[in-house]
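The values are calculated or read from the model by the stated rules, or taken from the named source; none is laboratory data. All values derive from a computational prediction rather than experimental measurement. Neighbour counts are summed over all protein chains in view; Cβ atoms, including those assigned to glycine, are modelled from backbone coordinates with ideal geometry. We work out accessible area using only protein heavy atoms, side chains counted, and drop any ligands, DNA or RNA first. Shrake-Rupley method; radii C 1.70, N 1.55, O 1.52, S 1.80 Å.
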Amino acid sequence: MAAVVSPTSLESAPRIMRLVAECSRSRARAGELRLPHGPVATPVFMPVGTQATMKGITAEQLDALGCRICLGNTYHLGLRPGPELIQKARGLHGFMNWPHNLLTDSGGFQMVSLVSLSEVTEEGVRFRSPYDGDETLLSPERSVEIQNALGSDIIMQLDDVVSSTVTGPRVEEAMYRSIRWLDRCIAAHQRPDKQNLFAIIQGGLDADLRATCLEEMTKRDVPGFAIGGLSGGESKGQFWRMVALSTSRLPKDKPRYLMGVGHSRAFLHTLLHSDNTAALHHLTVHNIAYQLRLMSAVRASIVEKRFPDFVRDFMGTMYGDPTLCPSWATEALASVGITLG
């Protein structure tokens, strides 16, 4: 079932991104997202608060670290405590006492993380709850309905997600279905003036499928785009090539959200200290502070037109001798004109 319906008619989507500077060599961008709960300087690291809280850290501490946008999980919040209760608490912002911006995912990732509890059809995804075994249908319409109730500043379309290591017809099926589901999400969206709906580019590790998805989804005048279906076990070489393909074809005046990318070494250190709650707390604060400061330094280097030098200095600090740098990183940087030697 590979047919693509024509784009849903839309009023012109708001332009929520102001481009501040762009590296002439690598096309790295510094910008500012203009969102309902304040501006967000980009590039930015977005901490994940799956169930309306960051594990090991309070909302006040996250605020003090300079975080201006974090993420909540539509699937889990839709089950517990439910959108009705959260809506009564003045939305997700009031529920978690968070004065800044929020992005909610669509629930699509749970097709991978809860694959044994889910079944995908054109209608949507039918899940068995991991809490009580009850069956629920998460359709594109229901995903948007929940996110409208949560009141997040950026909401994500429901996409058909498969692991990045999956190959064959299922990848093409998921890509075309994601396009059709985007149109259903656009039609169901009740608060386009308050909440920004992002599309999610799929296509696995197949460049032709990615290109098709990019061509179709960029016809829809949505406020922003996400690069999905990666960081699921594929090689770093495959990863960066799919990211490069996607960024080369996405609109230059709209934000780009690279999904599922974070500080894996920090996660390993966290596991080592999992029996010490004080250590977990301090590690969480450290990890978030590090990521936020790193993105701030990247942004400053773009604005000051010294991004290639920043990259070389950073990689030198990380690896010392350029020959010790992973080949995938060297190749990815060379593809945008940055050499380490």
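Observations
- Some residue of the stretch 196-208 being surrounded by fewer than 22 Cβ atoms within 10 Å (Cβ to Cβ) and more than 21 Å from V243 (Cα to Cα): no
- The residues of the stretch 36-54 that are open to solvent by 20 Å² or more (accessible area, probe 1.4 Å), in a loop (DSSP other than H, G, I, E, B) and modelled with pLDDT under 90, listed by number, are T50, Q51, T53, M54.
- A search for C-beta distances below 7 Å between a residue of the stretch 231-247 that is under 19 Å from V112 (Cα atoms) and in contact (Cβ under 8 Å) with a residue 60 or more places away in the chain and any residue that is of a type in the set (V, I, T) and in a helix (DSSP H, G or I), counting only pairs 6+ apart in sequence or on different chains, returns G232/V112.
- Test: residue in the stretch 142-149 that is in a strand (DSSP E or B), under 28 Å from M17 (Cα atoms) and open to solvent by less than 60 Å² (accessible area, probe 1.4 Å): no
- Selection within the stretch 55-70 - part of a loop (DSSP other than H, G, I, E, B), touching a residue at least 24 places away in the same chain (Cβ under 8 Å) and open to solvent by 30 Å² or more (accessible area, probe 1.4 Å): K55, G56, L65, G66, R68
- Filtered by the rule that a residue be open to solvent by 10 Å² or more (accessible area, probe 1.4 Å) and modelled with pLDDT of 95 or more, the stretch 150-167 gives a lone residue, G151.
- Selection within the stretch 150-194 - within 21 Å of G204 (Cα to Cα), among the polar types (S, T, N, Q) and either outside any loop (DSSP other than H, G, I, E, B) or out of contact with any Pro (no Cβ under 9 Å at 6 or more places or on another chain) (or both): S163, S164, T165, T167, S178
- Entry remark, the stretch 219-235: residues being surrounded by fewer than 18 Cβ atoms within 10 Å (Cβ to Cβ), farther than 15 Å from G204 by Cβ and either of a type outside the set (D, E, K, R) or modelled with pLDDT of 95 or more (or both) number 1 in total.
- Just one of the listed residues (I201, I186) is under 27 Å from P326 (Cβ atoms) and of a type outside the set (G, A, S), namely I201.
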